[in-house]
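The values are calculated or read from the model by the stated rules, or taken from the named source; none is laboratory data. A quick note: this is a predicted structure, and the numbers were derived from the prediction, not measured. Because the Cβ atoms are built from the backbone with ideal geometry, glycine has one as well, and the counts that use them run over all protein chains shown.
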Amino acid sequence: MSRSDDRTVSPSVNRAIAIFGGTFDPVHYGHLRAAAEVSERLGVTDFRLLPAGVPPHRDATWAEPRHRLAMLELALAPYADLSVDDREVQRAGPSYMVDTLASVRDEAGDLPVVLCLGQDAANQLDGWHRWHALLDLAHLLVMTRPESEPRYSDAVLEAFEGRWVPTPQDLMGAPAGRLCRVDVTCLAISSTDIRAQLAGGRDPRFLLPSTVLAYVRKHGLYRDAPGGG
Ligand code: ATP
């Protein structure tokens with residue numbers, strides 16, 4: 001192997017914690033591919049997918065937190081560089097990202113912490129509890145999502161002003177407070193559609209890992225989800 005090949009297979013590794021939050025109800029290849037690409041671009045030592053316990057932004061989730069956690073663990077089992085953070089699932093009461101990031105910040109000390117979120121979630125940021133404090137605790141990395149354009153409120157635009165950096169590597173020079181946008185491969189897969197397929201007796205294979213689908217079937221999840229017809 002030539003010297004330049006060596007460089008290609010040895011990406012820089014940054015001591016930092018990245019968090020990819022979601023309901024993961026259930027986890028699918030849209031989440032997993034985005035996590036893989038963002039993790040590669042960030043080159044961090046610690047990349048975690050963090051399932052929401054009782055999400056404050058949604059009326060209901062269809063699978064209990066323990067099931068969503070188990071499905072994520074199955075999906076990530078083959079990949080040692082991606083882990084599951086169960087702190088919201090273990091915590092009682094509603095899960096606020098600001099509390100979650102405060103506890104990650106305690107763990108991280110002065111290391112960079114990066115919260116990765118989809119464009120759709122970023123567009124609704126000012127609906128989040130104490131959203132202004134998020135940038136004191138972490139950087140935000142916004143992942144593009146199929147058919148989701150930036151639509152920030154004036155308050156969010158004001159809070160974001162002057163914080164954008166061009167590349168994910170630029171997030172590594174400070175513990176928190178910067179913003180970066182990363183394009184990820186657009187896989188038009190959603191948990192809503194997978195739940196509807198399952199409720200309708202259809203087979204969502206190839207949209208999510210087979211181990212996760214086997215778990216869904218074993219536990220009879222999503223049989224009563226909307227869209228079953
Ligand atoms: P639902 O259909 O139940 O709303 P979802 O498929 O959007 O679920 P979430 O668990 O709400 O999944 O998403 C967690 C995070 O993953 C969000 O930041 C979301 O933008 C992102 N995400 C979800 N689906 C995709 C996808 N297909 N490609 C890239 N990112 C995605």
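Tallying residues that are loosely packed, with under 13 Cβ neighbours inside 10 Å and under 16 Å from the mean Cα position of the chain (by Cα) within the stretch 153-184 yields 1. Take the residues in the stretch 46-66 that are at pLDDT 95 or above and of a type in the set (D, E, K, R), then tell me which one is nearest to residue 22 (Cα to Cα). So, considering only residues that are at pLDDT 95 or above and of a type in the set (D, E, K, R), the one nearest to residue 22 (Cα to Cα) is 48.
Might you check whether a residue that is of a type in the set (Ser, Thr, Tyr) and under 21 Å from residue 68 (Cβ atoms) occurs anywhere in the stretch 193-210? Yes, that holds for at least one residue. Tallying residues that are within 30 Å of residue 106 (Cβ to Cβ) and either in a helix (DSSP H, G or I) or among the aliphatic types (A, V, I, L, M) (or both) within the stretch 172-229 yields 7.
Total residues in the stretch 82-104 satisfying the condition of being in a loop (DSSP other than H, G, I, E, B) and either on the phi > 0 side of the Ramachandran plot or modelled with pLDDT of 95 or more (or both): the figure is 3. Of the residues 84, 114, the single one that is within 16 Å of the ligand (Cβ to nearest atom), more than 20 Å from residue 136 (Cβ to Cβ) and touching a helix residue (DSSP H, G or I) at 6+ places or on another chain (Cβ under 7 Å) is 84. Of all residues in the stretch 169-221, those satisfying the criterion of being more than 16 Å from the ligand (Cβ to nearest atom) and either small (Gly, Ala, Ser) or touching a Cys at 6+ places or on another chain (Cβ under 8 Å) (or both) are 170, 171, 173, 174, 176, 177, 201, 210, 214, 220.
Counting only helices (runs of 4 or more DSSP H) that fall entirely inside the stretch 110-164 and contain at least 1 residues that are farther than 27 Å from residue 14 by Cβ and of a type in the set (S, T, N, Q), the qualifying elements are 119-123. In the stretch 16-43, of all residues being part of a strand (DSSP E or B) and at pLDDT 95 or above, the one that is farthest from the ligand (Cβ to nearest atom) corresponds to 16.
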